[in-house]
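Colleague: The structure is given below, and queries will be raised subsequently.
All of the numbers you see were taken from the coordinates with simple rules; none came from a lab. Source: prediction; values computed, not measured. Cβ sites come from the backbone with ideal geometry, for glycine too, and all protein chains shown count toward neighbours.
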Amino acid sequence: MTDQQQAPSPDPDGEAPDRPLTLAVLRHLVREDWKGLPGDTLVVLSRDAEGNLFSPFSTYSHSRYAPTLSELVGDIFPLPEELTADPSLRELYGDRIPDTALPALVLYPLG
């Protein structure tokens, strides 16, 4: 949620923050940035704003995921440490986070 990070960019000056995530960048993230995550961490693909479902990925966040009506769709919630650090998140979510929410890596499309 609030720790949404920009994937490493081939643009060293950082002038293109919304570049698509390439396979090379994804490999780097898996080998370096995400290597300490547990093997059972869910990977959640977020829909794009237009709803066409075919946009390249560009950013990611560490969050929690809980299925809603089925195992195939759900909601994203902040991590416990985010709630501790941010009073506005605590106020927003309160006790609405279900016990079924699991740690997840959320990939977001361009947009």
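Colleague: Less than 17 Å from a label point 7 Å out along the Cα-to-Cβ axis of VAL43: which backbone N atoms in the range 69-111 qualify, by residue?
Modeller: Inside the label zone: 103-110.
Colleague: When only C-alpha pairs under 8 Å and at least 6 residues apart count, what is the relative contact order of the range 61-109, in percent?
Modeller: 50
Colleague: Classify the range 23-90 as rounded, prolate or oblate, taking a ≥ b ≥ c as the square roots of the eigenvalues of its Cα gyration tensor: rounded when a/c is under 1.5, otherwise prolate if a/b is larger than b/c and oblate if not.
Modeller: Verdict is oblate for the range 23-90.
Colleague: Find how much the distance from ARG31 to SER88 grows on full extension, using 0.36 nm per residue of separation minus their present alpha carbon separation; answer in nm with one decimal.
Modeller: Separation in residues times 0.36 nm, less the Cα-Cα distance, equals 17.2 nm.
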